[in-house]
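Novice: Okay, here's the structure, questions in a sec.
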Amino acid sequence: MKHTNHYLAAFIGMILISMSLTSCLKDVCDETRTFIQYDPIYLNYDQIRVQISAEEGRVLNNPGKIYAYKNYLLINELREGIHVFDNSDPENPVNLAFIDIPGNVDMAVQNDILFADNYMDVISVDITDPLNPILKDRQEDVYQNYWFQEGRGFQVGYRETELTTEVDCSSPNWGNQWFWGGEVLFAEASFDVAVNNVGGATSQAAVGTGGSLARFTLSKNHLYVIDQWNLHTFQINENCTLTGVSEFNVGWGIETIFPYGDNLFIGSQTGMFIYDITNPSEPWYLSEFTHARACDPVFVDGETAYVTLRNGNRCQNFNNQLDVLDVSDLRNPRLIATHEMDNPHGLSKIENKLIICEGVHGLKTFEASDDKEIRSNILDHVVNIHAYDVIALSLDHLLVIGQDGLFQFDASNDKLEIISTIEVNRE
């Protein structure tokens, strides 16, 4: 009996110790984490295809891509519309108007006609008077990546809400940077979530300039639009309408498009594709340069292409680098050099100066006359800004966009000089 009591006491003691250890482990495993909660937004056709309107200029809240046209500076307000600034005096840009275009991310302008995405459609808008935009044409259902659910409509995006919660190690989501809860996505605030996916051209028309992250571009009186898989080609008619002339699959993970001479350079998560547009209505595949999966903007100057690759969870890549390619033979692009970078995004080049946006690491300029020595020939590094994309209009006029707003720089000297800033509203 004594032995039985002894074993029972020992057993109970082991249970108590186990419970104690479990309690300690639970305390260790508990942690407070902050997520962004993404709730899906559904709209029907009547809510998407609304009359295009404008209002007086308003503050920047969530800036996207940029575009320069004549003396205008256009800044996308992500998925809401386009800010129009009079940039005749870069030291004092004037906030003229905000053009309300639901779902807008990309844009291009020719002869005062703004081409923009309106969720799944591509529209043509006369902005001769930015405060009185006139819808001229609508190409419906160009983008096929919006899911439709009967009774709810098209899923056009997500509503973002910050959520702070306790996560226990017993949770199946322990350690995950993102996870699904039904149709709701939860992701850490630092996680790169692409939940709302959606150079100068050779032309005699009055055409503007987009950045290296553009998905719309103009050349030879044609509009070229990319989605994640396809290249869409539209002819621009005299009455400002569009006629679709071709559409075909390029690959997957298509991200950017850059026109240069008689060619289109298309950046994807797997490489760079080159298409001949000698006949602008029928782009013709020439070649491609492949690399490990990465986010991939492209800029071309003469016989050299500059490709930035960066890491990020969406891009599933661990390299941050600049690839310099010889494209003198368009059918056989060849790697010249690879340079390590911090987190390169958009880029531009003017004369021998290469400008690279490094995201949270700021903005860098390099002397690029020697393709193999670019990294060692850094001229300046602006560290106190977030830089996403850049347009080099001239050596003394750079446009740089990022999460903090738009910055205009003079790059005529080795050290960048700030001209003006359009800040993001922090209220």
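None of the figures in this text is laboratory data; all of them are computed from the coordinates on show. The structure presented is a predicted model; accordingly, all values stated were derived computationally and were not measured. With ideal geometry, Cβ positions are generated from the backbone for all residues, glycine too; neighbour counts draw on all protein chains shown.
Novice: Using the Kirkwood formula over every pair of different C-alpha atoms, what hydrodynamic radius in Å results for the range 269-427?
Specialist: 16.3
Novice: Sum up the charges of everything whose Cβ sits under 9 Å from the Cβ of Ile419, counting Lys and Arg as +1 and Asp and Glu as -1, but leave Ile419 out.
Specialist: Within the 9 Å Cβ shell, the charges total -4.
Novice: Among the listed pairs Lys65/Lys364; Lys136/Lys220; Lys220/Lys372; Lys65/Lys349, which are separated by more than 27 Å between their Cα atoms?
Specialist: Lys220/Lys372
Novice: Two-decimal Rg/Rh of the range 83-150 from alpha-carbon positions, Kirkwood Rh?
Specialist: Taking Rg over the Kirkwood Rh, I get 1.07.
Novice: Something else about it: Projected area of the range 214-311, taken from the Cα convex hull and averaged over every viewing direction, in nm²?
Specialist: Taking the Cα atoms of the range 214-311, their convex hull projects to 5.9 nm² on average.
Novice: To the nearest 20 debye, what is the magnitude of the charge dipole of the chain about its Cα centre, counting +1 on the Cβ of each Lys and Arg and -1 on the Cβ of each Asp and Glu?
Specialist: Dipole of the chain, to the nearest 20 debye: 1160 debye.
Novice: What is the mean projected area of the alpha carbon convex hull for the range 30-75, to one decimal in square nanometres?
Specialist: Approximately 6.6 nm², given one-decimal rounding.
Novice: When only alpha-carbon atoms count, how far does the range 369-421 stretch along each of its three principal axes, as whole angstroms with the largest first?
Specialist: 33, 20, 16
Novice: Using only the Cα atoms of the chain, what semi-axes does the equivalent ellipsoid have when each is the square root of 5 times a gyration tensor eigenvalue? Give whole Å, largest first.
Specialist: The equivalent ellipsoid of the chain has semi-axes of 44, 27, 22 Å.
Novice: Restricting things to alpha carbons, tell me how big the range 337-427 is in terms of Rg and Dmax, in Å.
Specialist: Computed over the Cα atoms of the range 337-427, radius of gyration and Dmax are 12.6, 45 Å.
Novice: Test of the criteria: in the range 305-406, which trypsin sites (Lys or Arg not before Pro) are in a DSSP loop and have at most 10 other Cβ atoms within 10 angstrom of their Cβ?
Specialist: Arg331
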